[in-house]
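Input: a single structure, listed below in structure tokens.
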Amino acid sequence: MDKTQDRKSRSVRGIVPENHPRRESILIRERLVEALDKDVVVPQGLIAQGRGECFDYLIGERTRDFAERAILEAAVLLVEAKNPVISVNGNVAALVPREIVELADTIPAKLEVNLFYRDETRERAIEKVLRDAGAKEVLGVGEDASETIPELFSERRRVSRRGIFSADVVLLGLEDGDRTEALVRMGKKVIAIDLNPLSRTSLTANVTIVDNVTRAIPALRNKILEVKGLREDERKKILTSYNNREILKSAMRFMADRLSQLSLDL
Ligand code: PTJ
């Protein structure tokens with residue numbers, strides 16, 4: 001039996017009881033392992049998910065008010081952008097394929113494949129996931145990723161001219177710090193979804209949504225529908241009153257306070 005079949009035979013997808021307290025989380029893990037076998041996710045992506053799960057525990061696996069505020073800010077930025085682009089890596093494609101395509105349609109924004117561990121097999125596999133989920137156009141695949149982000153040495157420097165290279169607003173999920181810094185240096189507004197408020201990406205992005213991509217992406221889409229109905233002065237007020245440092249501080253305070261409270265309740 002090869003490794004893929006071996007993993008399939010051990011899958012618990014069909015047997016997790018409906019009332020299992022960790023059902024959702026177990027099924028997400030199964031989804032990521034399946035995506036691993038299709039070259040969508042890399043093994044390192046499973047490690048990244050584990051780190052994310054740990055932070056998700058600390059916020060009680062719910063979208064908190066610091067994330068809500070960042071989502072509102074992100075919604076206004078995306079609606080007002082001239083060339084908004086959603087960057088899609090392996091984990092995002094595996095976790096929220098349909099939701100990310102719906103979000104792109106709603107803004108509207110372009111979808112671009114951008115990988116830390118890049119090779120053409122993965123680019124094509126992720127493009128397929130997005131197309132199967134309804135995407136009409138997927139940038140950043142093959143020759144399309146012919147531009148480079150200056151001063152960046154990972155494979156994430158390769159971007160599409162019509163996409164991230166010329167974007168004014170870029171939405172990223174599970175990003176690495178170097179590229180976030182490079183995009184901000186290029187003058188782009190960067191919106192990051194990252195459960196870890198301490199990561200370099202979180203600290204560097206213009207807007208950090210400290211939440212799970214599985215909750216943040218649908219919430220962002222709903223917020224965009226609301227923001228589209230706002231007047232210009234209302235949107236401006238939202239933009240000018242935002243402070244990302246304060247958002248990060250309140251996420252960190254929330255985690256610390258929650259742990260203290262939980263230790264008292266033991
Ligand atoms: O598909 P590729 O080749 O582009 O590779 C993707 C990974 C995720 C492997 C790559 O970007 C990577 O190594 O990322 P990092 O540096 O581990 O950063 C991932 C960040 O996302 C960490 O801060 C995690 O806490 C956070 N994170 C993990 N899972 C989630 C998450 N944030 C939101 N939602 C999640 N589900």
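Every number in this text was worked out from the coordinates using simple rules, so none of it is lab data. Bear in mind that the values here come from a model prediction, so they are computed numbers and not experimental data. Cβ coordinates were reconstructed from backbone atoms using ideal geometry, including for glycine residues, and neighbour counts include every protein chain displayed.
A few notes on this one:
- Among Tyr242, Met252, Leu262 the positive-end extreme of the charge dipole of the stretch 227-266 (Cβ point charges): Tyr242
- Amide H to amide H, with H built 1.01 Å from N, Ile209 comes under 5 Å of Ala192, Ile193, Asp194, counting only residues 5 or more places away or on other chains.
- Global geometry of the stretch 71-217, whether rounded, prolate or oblate, following the gyration tensor of its Cα atoms and the 1.5 cut on a/c: rounded
- The stretch 73-89 - phi-based ³J(HN,Hα) in whole Hz, Karplus 6.51/-1.76/1.60, Gly and Pro as x: 4, 4, 4, 5, 4, 5, 5, 8, 5, 7, 9, x, 10, 9, 8, 10, 10
- Charge dipole (Cα centre; +1 on Lys/Arg Cβ, -1 on Asp/Glu Cβ; no other charges) of the stretch 1-85 amounts to roughly 240 debye.
- Per residue, the chain reaches -16500 deg cm²/dmol at 222 nm when only DSSP H runs of four or more residues are counted, each adding -39500 (n - 2.57).
- Distance between modelled label sites at Asp39 and Arg231, nm, 7 Å Cα→Cβ extension: 5.4 nm
- Basic side chains Lys and Arg get +1 at the Cβ, acidic Asp and Glu get -1 at the Cβ, and with that the dipole of the stretch 66-159 about its Cα centre reaches some 100 debye.
- Dipole magnitude (debye, nearest 20) for the chain, charges at Cβ of Lys, Arg, Asp, Glu: 160 debye
- Ordering of 136-144, 224-232, 18-26, 212-220 by packing is 212-220, 136-144, 224-232, 18-26, highest average first (other Cβ atoms within 10 Å, averaged per residue).
- Prolate/oblate/rounded label for the stretch 92-170 (Cα gyration tensor, a/c 1.5): oblate
- Dipole of the chain [Lys/Arg +1, Asp/Glu -1 at C-beta], most positive-end residue of Gly187, Pro97, Ile26: Gly187
- Positive dipole terminus of the stretch 65-253, leading residue within Val129, Thr201, Ser154 (C-beta point charges): Thr201
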